[in-house]
């Protein structure tokens, strides 16, 4: 039996202790038409969206208990009736709507993609969702071309590192990346100008680019929307693709959600018309599962895999974790301490847990300690008076 990370409740670290209590179902789910059953014995990705689902900070979250996860890489174990293009044993990556952290995942075939030869399951789990999102942001919505400039929030995250690499596939593109101070040294090789999170980065950008930047990629929302829009030059594009600012603690805060949205200025189409600027939004989950975007996404995945085969991109893996260590992996992402993708590997052994310290000493132990303290004080007093302690006398 393998451990499956189940979510039994919403929110804080105590709930995370319950995440890893699930086990493999005794019976295999029945296959339905146009579905492939993917066995993900190898790797699955951890995304910030998983944290938001855990807190119930997304629209229409599933009822608990359920299995988290939106992407997994492995082999096809069974193929549903009528499915074409897949066979048992195919190496694939899949984007199911939840349950990606299970050993066996039932996925509609339209969300399953063949892996190019040579791409490992680990790299596939680090590549798929992050580079898919980054590619759409830059090339489909942003219209990235030579000589343009990009302002990127959360530059050290999985999507941030994917954006930085994809920008390098176009000549003379300048990348401004906002990240925590502790990540700056590590990001200097991929980001042209690293800016400190929480600082007045807008002033720094204006000093370097008085006219503004061409593309702003915002995964934070809230007041960052207003700053981002103000930094656009004429013909610039602001793109919102997340709202991670609502995740400010271990549990969902309705105040944080309300504050995040109320801080956003309401910009009229007339203002956009007068200023020659554009606003866009992108939600991959909605595009795939609610808006029939699977054929479009399949074409983008082909483009991403082609870039990988040409050696133009290479996924950045921050760390790999056993499924039993999901709470710790989530905490690392929550604290924004990762640089690149966090990947879960079912084959790994969980990390040793530190021994729980004793909450207190037994009553007898406390009395013994108290007696020793009193004896020591008495000996010290005798030393000051020039007397020989009884213990030293016996030893002599």
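The values are calculated or read from the model by the stated rules, or taken from the named source; none is laboratory data. Remember, predicted model here, so these are calculated numbers, not experimental data. In this analysis, Cβ positions are derived from the backbone assuming ideal geometry, glycine residues included, and neighbour counts consider all displayed protein chains.
Among the residues making up segment 63-72, a single one is exposed (fewer than 15 other Cβ atoms within 10 Å of the Cβ) and either out of contact with any strand residue (DSSP E or B) (no Cβ under 7 Å at 6 or more places or on another chain) or at positive phi (or both): 63. Does segment 193-214 include one or more residues that are farther than 20 Å from residue 158 by Cβ and either in the same structural domain as residue 333 (by TED's automatic domain parsing) or within 21 Å of the chain's Cα centre (by Cα) (or both)? Yes: one or more hits. If I filter segment 118-130 for residues that are surrounded by fewer than 20 Cβ atoms within 10 Å (Cβ to Cβ) and within 22 Å of residue 214 (Cα to Cα), do I get at least one hit? For segment 118-130, residues surrounded by fewer than 20 Cβ atoms within 10 Å (Cβ to Cβ) and within 22 Å of residue 214 (Cα to Cα): absent. Which of the residues spanning segment 305-352 are touching a helix residue (DSSP H, G or I) at 6+ places or on another chain (Cβ under 9 Å), in a helix (DSSP H, G or I) and within 25 Å of residue 243 (Cα to Cα)? Scanning segment 305-352 gives 326, 327, 328, 330, 331, 333, 334. On the given criteria, is residue 282 under 19 Å from the mean Cα position of the chain (by Cα), modelled with pLDDT of 90 or more and either on the phi < 0 side of the Ramachandran plot or not assigned by TED's automatic domain parsing to the domain that holds residue 217 (or both)? Criteria met by residue 282.
Out of segment 220-235, which residues are in contact with a strand residue (DSSP E or B) (Cβ under 8 Å, 6 or more places away or on another chain) and modelled with pLDDT of 85 or more?
First pass over segment 220-235, keeping only residues in contact with a strand residue (DSSP E or B) (Cβ under 8 Å, 6 or more places away or on another chain): 221, 224-225, 228-229, 231-233, 235.
Across segment 220-235, the qualifying residues are 228, 229, 231, 232, 233, 235.
Checked against the criteria, residue 87 counts as free of Cβ contacts under 8 Å to residues at least 12 places away in the same chain and either touching a strand residue (DSSP E or B) at 6+ places or on another chain (Cβ under 8 Å) or surrounded by fewer than 24 Cβ atoms within 10 Å (Cβ to Cβ) (or both). For residue 223, the conditions (1) without any contact (Cβ under 8 Å) to a residue 60 or more places away in the chain; (2) closer than 19 Å to residue 266 by Cα; (3) buried (at least 20 other Cβ atoms within 10 Å of the Cβ) are fulfilled apart from (3). Does segment 318-333 contain at least one residue that is touching a residue at least 60 places away in the same chain (Cβ under 8 Å) and over 20 Å from residue 122 (Cβ atoms)? Among the residues of segment 318-333, at least one is touching a residue at least 60 places away in the same chain (Cβ under 8 Å) and over 20 Å from residue 122 (Cβ atoms), which makes the answer yes.
Condition test on residue 186, is it modelled with pLDDT under 95, assigned by TED's automatic domain parsing to the domain that holds residue 225 and within 25 Å of residue 313 (Cβ to Cβ)? For residue 186, the condition - modelled with pLDDT under 95, assigned by TED's automatic domain parsing to the domain that holds residue 225 and within 25 Å of residue 313 (Cβ to Cβ) - is met.
Within segment 100-109, is there a residue that is buried (at least 18 other Cβ atoms within 10 Å of the Cβ), farther than 23 Å from residue 292 by Cβ and in contact with a helix residue (DSSP H, G or I) (Cβ under 6 Å, 6 or more places away or on another chain)?
Initial filter on segment 100-109 (buried (at least 18 other Cβ atoms within 10 Å of the Cβ)): 100-109.
Cutting the leftovers down to farther than 23 Å from residue 292 by Cβ gives us 101-104.
Add one more test, that the residue is in contact with a helix residue (DSSP H, G or I) (Cβ under 6 Å, 6 or more places away or on another chain), and what stays is none.
No: zero hits.
In this structure, is residue 40 within 16 Å of residue 114 (Cβ to Cβ) and modelled with pLDDT under 80?
yes
Residue 140 - would you say it is surrounded by fewer than 21 Cβ atoms within 10 Å (Cβ to Cβ) and outside the structural domain of residue 161 (by TED's automatic domain parsing)? Judged against the criteria, residue 140 is not a match. When residue 178 is tested against the conditions (1) under 17 Å from residue 339 (Cβ atoms); (2) without any contact (Cβ under 8 Å) to a residue 60 or more places away in the chain; (3) assigned to a helix (DSSP H, G or I), the lone failure is (3). If you check 163, 216 for being surrounded by 15 or more Cβ atoms within 10 Å (Cβ to Cβ), part of a strand (DSSP E or B), touching a strand residue (DSSP E or B) at 6+ places or on another chain (Cβ under 6 Å) and in contact (Cβ under 8 Å) with a residue 12 or more places away in the chain, only one passes: 216.
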